[in-house]
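The values are calculated or read from the model by the stated rules, or taken from the named source; none is laboratory data. If you're wondering where the values come from, they're calculated on a predicted model, not measured in any experiment. As a convention, Cβ positions derive from the backbone with ideal geometry for all residues, glycine included, and neighbour counts pool all protein chains shown.
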2 protein chains.
Amino acid sequence: MKTFNLAIVGLGNIGTEVYKSLNKNKDIIKKKTGFKLNIIKVSAKNYKKKRGIKLSKNKWEKNPLSLTKNKNIDIIIELVGGNKGIAKKLVFESLKNKKHVVTANKSLIAKYGDQLSILAEKNAVNLLFEASVGGGIPIIRSIKQGLIANKIFHVYGILNGTTNYILSEMEDKNISFKDALIKAQKLGYAERNPSSDVKGIDAAEKISILSSICFGCKILNKGFIVEGITNVTIDDINFAKELGLKIKLLAISEKIGNYIKQRVHPCLIPSSLDIANINGVTNAIVVDGAPIGRTIYEGEGAGKGPTTSAIISDISSIMVGNDDFSFGHSPKTKKNFKKYNFNNHECKYYIRILVNDKKGVLYKIASIFARNNISVRNLVQKPKNNLSNIVLITHYAKEINVMKAMKSFTKNKSIFKKTVLIRIRDQNKL
Amino acid sequence: MKTFNLAIVGLGNIGTEVYKSLNKNKDIIKKKTGFKLNIIKVSAKNYKKKRGIKLSKNKWEKNPLSLTKNKNIDIIIELVGGNKGIAKKLVFESLKNKKHVVTANKSLIAKYGDQLSILAEKNAVNLLFEASVGGGIPIIRSIKQGLIANKIFHVYGILNGTTNYILSEMEDKNISFKDALIKAQKLGYAERNPSSDVKGIDAAEKISILSSICFGCKILNKGFIVEGITNVTIDDINFAKELGLKIKLLAISEKIGNYIKQRVHPCLIPSSLDIANINGVTNAIVVDGAPIGRTIYEGEGAGKGPTTSAIISDISSIMVGNDDFSFGHSPKTKKNFKKYNFNNHECKYYIRILVNDKKGVLYKIASIFARNNISVRNLVQKPKNNLSNIVLITHYAKEINVMKAMKSFTKNKSIFKKTVLIRIRDQNKL
């Protein structure tokens, strides 16, 4: 019976849980895969940190990069995080030295996944990252293997648990973004510096990875729309509620001809839509393909339990030797699809304008919309302190025109104090 | 590059689609798996049947069993169906003759899966059946591989699309079971003889398979509660609606100590529960495990597209050689857990009694409940023609006591014309 020797680099919350869980489940893994597993080395910043595990001195390695040259190691688990420094060096060097790599590092994969997967193929080793998207939900494995014969044309979902928790809390408790964020931080759902989550960067990295797997394209990791939820106020959430809509931060990717239309931004969706009722830190991913139709995958999007589950499933895949291609295709065959020009995007828009309620303000708004070929479907005006909120929903309009209109509003700060724009995703036009 | 030679047995709706799809996707499969695929033989009852595909005479095999001895064939796809006759012989003989087998045949797997998987392991071939549960949803692969390191304690869901469609239509259109069934038959969602679906047998076969995969136990295919939806009337659906509940046919399996508590029966569930809004032919499967927490999988539960998707994913798995154990464990290690005594089951019950509204009838009902230690939480009486419907919800009660009470009602046919019992599954007690 072959034994696989493992090294874990990074022993924070997740790394420690992986260490514990691998030791606890050794026998089960042996029974299910037919192979033995052995953690022979660990490396982290601080040996003395309390982790609730016993680390023998001879397992400890001070210099993680030296592990990549250790002949006895088969698999390296990278749990340092970030797309530079140690994490980057470790993964590149490990693959070059013919070590399999398992990582939860979406940032690294979104940035260097193409290069890394070429390196992995060249050296006949695996690079797997199930934990990088959707926490424990086996979404990457499902798309790569379960949907192997499908042509996928659309993947979208709630990929960031932190922002989904914040939006759910705002709606549920009628509190501000700031208060919801503080609560999320207290509960450990948001980091002290939450910008990667709340600005949509985390979701953007994840959808970049999913697109590449779904469509067989090179990773599209820049130049697409990435908007977070920092602009979403409790007013918007309440206006949405009145309209039977919910605000969700969605990551969306579609293949349209030879174009990839990829984006992350808050969306107003009907409360009856499949994923409208995914609340809290839960993630949900919707995949549309042929011949399968629509499949939906839900689960906790982060946390040590789900992440550990995904990492161990990757390790097991390597042991049974089933997962040749990181992105489901040989990296050489990945295509270089073009970026869809988002100016041509069409949808209904929710626009809220906080105005100095002077005479003629409605006329000014109407004329800006008319000039830009935007027609308005609903309009509500509500006083807000000594100002007024004008909330409107447009008919289907073109992104470029809406952006021009928004620009006009920002020019006239004495009348238009603040504008908020949220795209609407309805049943007809997903 | 190795070529895998395939034979398809059974060329109905599904078989024909698999044939077409494999031919159409040959290149994609080659690119993704690194192996070639070739359909070298097909067999079905009638060569001349119109299928919209060209079948050369030399591909056609009249006697499907002879394929099991054909040295050139690596994989046999069984799409005949049923747990006896040709289907049974074909799968047993194929495995004995060291052919990999892919099948969508839940009935055969629920009945002979233990034996067949032993045979497969002995002969070092694969027996895969992703299409047998949840249509195209990659649920078996997700549990076996994606959740490999999890201890699963609970799996449940809507596993039969036909009955879910019927219940959804009844609720949506306010029509009878019979009318909804006729509609389902017209649309091809129900078979001419619908008994396997509407009596819960199909869902029972599927949950038997899932239990075995989730809990590593031998297949428990008899002696558990299997109730269908033939007793559910539009009255019950409407009463449920008033209570904020929905009726769903659920298949449920739990591991409690060394016991497996497996069952299929209609359930009243709160409209807010995760799967309450799964309508039409959609299937949804909920898996609770540690460390992953809860994951949910949704998609079309049947039809040629989803089924074909699942079958091809199994074929690809065999080609890349990744799926050693049919049920995720060596069949030798499967445990023989005991059946939970369902008499001890506790839940709230919905009971509807159609009564001859004579004096003292309510007293009779109350005394039967009191005698059996059942306390009533809500009670509504509504006239129905010249009779009355008495609808009540119990507090948590024990199955054995409720069954005794139901028996008492059936004894007195002159007063109690009909009784309907539906178990309630609430948020507290799943």
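Quick look at the numbers
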quantity: Residue among A:Ala120, A:Ala131, A:Ala190 that alone is farther than 25 Å from B:Lys144 by Cβ and among the aliphatic types (A, V, I, L, M); calculated: A:Ala190
quantity: Filter result (on the phi > 0 side of the Ramachandran plot and at pLDDT below 90) within the range A:368-397; calculated: A:Asn385
quantity: Where B:Leu392 falls short, out of the listed (1) outside any helix (DSSP H, G or I); (2) within 28 Å of B:Asn258 (Cα to Cα); (3) not β-branched (Val, Ile, Thr); calculated: (2)
quantity: Flag if B:Lys398 is touching a helix residue (DSSP H, G or I) at 6+ places or on another chain (Cβ under 8 Å) and loosely packed, with under 12 Cβ neighbours inside 10 Å; calculated: no
quantity: The range A:309-331 - residue that is at the interface with chain B (Cβ under 8 Å from one of its Cβ atoms) and of a type in the set (A, V, I, L, M, F, W, C) and, of those, surrounded by the most Cβ atoms within 10 Å (Cβ to Cβ); calculated: A:Ala310
quantity: All positions within the range A:46-94 that are surrounded by 13 or more Cβ atoms within 10 Å (Cβ to Cβ), in a loop (DSSP other than H, G, I, E, B) and of a type in the set (S, T, N, Q); calculated: A:Thr68, A:Asn70, A:Asn83
quantity: Residue list for the range A:11-45, restricted to those being more than 10 Å from chain B (Cβ to nearest Cβ), not aliphatic (A, V, I, L, M) and not in a helix (DSSP H, G or I); calculated: A:Gly12, A:Phe35, A:Lys36, A:Asn38, A:Lys41, A:Ser43, A:Lys45
quantity: Tally, over the range A:257-288, of residues that are of a type in the set (Gly, Ala, Ser), over 18 Å from A:Thr163 (Cα atoms) and assigned to a strand (DSSP E or B); calculated: 0
quantity: So B:Ser414, is it among the small types (Gly, Ala, Ser), loosely packed, with under 13 Cβ neighbours inside 10 Å, assigned to a loop (DSSP other than H, G, I, E, B) and out of contact with any His (no Cβ under 7 Å at 6 or more places or on another chain); calculated: yes
quantity: Residue identified as in the same structural domain as B:Val264 (by TED's automatic domain parsing), touching a residue at least 24 places away in the same chain (Cβ under 8 Å), under 27 Å from B:Gly328 (Cα atoms) and surrounded by fewer than 24 Cβ atoms within 10 Å (Cβ to Cβ) among B:Ile207, B:Ile225; calculated: B:Ile225
quantity: Candidates B:Thr162, B:Thr230 - the one that is crowded, with 24+ Cβ neighbours inside 10 Å and either touching a residue at least 12 places away in the same chain (Cβ under 8 Å) or not in a helix (DSSP H, G or I) (or both); calculated: B:Thr162
quantity: The range B:342-390: number of residues that are under 19 Å from B:Ile422 (Cα atoms) and either touching a residue at least 12 places away in the same chain (Cβ under 8 Å) or small (Gly, Ala, Ser) (or both); calculated: 31
quantity: Residue within the range A:100-122 that is within 14 Å of another protein chain (Cβ to nearest Cβ), assigned to a loop (DSSP other than H, G, I, E, B), under 22 Å from A:His329 (Cβ atoms) and free of Cβ contacts under 8 Å to residues at least 60 places away in the same chain present; calculated: no
quantity: Failed criterion for A:Gly280 (all others in (1) over 21 Å from the mean Cα position of the chain (by Cα); (2) more than 21 Å from A:Glu346 (Cα to Cα); (3) away from every other protein chain (no Cβ under 11 Å); (4) modelled with pLDDT under 95 hold); calculated: (1)
quantity: Qualifying residue in the range A:373-389 (condition: in a helix (DSSP H, G or I), away from chain B (no Cβ under 14 Å) and more than 20 Å from the chain's Cα centre (by Cα)); calculated: no
quantity: Whichever residue in the range A:257-277 is more than 30 Å from A:Ser176 (Cβ to Cβ) and either at pLDDT 95 or above or within 14 Å of chain B (Cβ to nearest Cβ) (or both) and, among such residues, is surrounded by the most Cβ atoms within 10 Å (Cβ to Cβ); calculated: A:Gln262
quantity: Complete set of residues in the range A:319-351 that are part of a loop (DSSP other than H, G, I, E, B) and farther than 21 Å from A:Glu130 by Cα; calculated: A:Asn336, A:Phe337, A:Tyr340, A:Asn341, A:His345
quantity: Qualifying residue in the range A:175-183 (condition: in contact (Cβ under 8 Å) with a residue 24 or more places away in the chain, outside any helix (DSSP H, G or I), in contact with a Phe, Trp or Tyr (Cβ under 8 Å, 6 or more places away or on another chain) and not assigned by TED's automatic domain parsing to the domain that holds A:Thr103); calculated: no
quantity: Residue that is farthest from the chain's Cα centre (by Cα) [pool: residues in the range B:285-316 that are under 19 Å from A:Gly293 (Cα atoms) and polar (S, T, N, Q)]; calculated: B:Ser313
quantity: Hits in the range B:1-45 (condition: charged (D, E, K, R) and either under 20 Å from B:Pro306 (Cα atoms) or over 31 Å from the mean Cα position of the chain (by Cα) (or both)); calculated: B:Lys2, B:Glu17, B:Lys20, B:Lys24, B:Lys26, B:Asp27, B:Lys30, B:Lys31, B:Lys32, B:Lys36
quantity: Residue in the range A:289-305 that is of a type in the set (Asp, Glu), outside any strand (DSSP E or B) and within 14 Å of chain B (Cβ to nearest Cβ) present; calculated: no
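Yes/no per residue for (1) under 30 Å from B:Leu116 (Cβ atoms); (2) among the aromatic types (Phe, Trp, Tyr); (3) in contact with a helix residue (DSSP H, G or I) (Cβ under 8 Å, 6 or more places away or on another chain); (4) surrounded by fewer than 19 Cβ atoms within 10 Å (Cβ to Cβ):
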residue	(1), (2), (3), (4)
B:Gly299	yes, no, yes, no
B:Thr307	yes, no, yes, no
B:Thr333	yes, no, yes, yes
B:His345	no, no, yes, yes
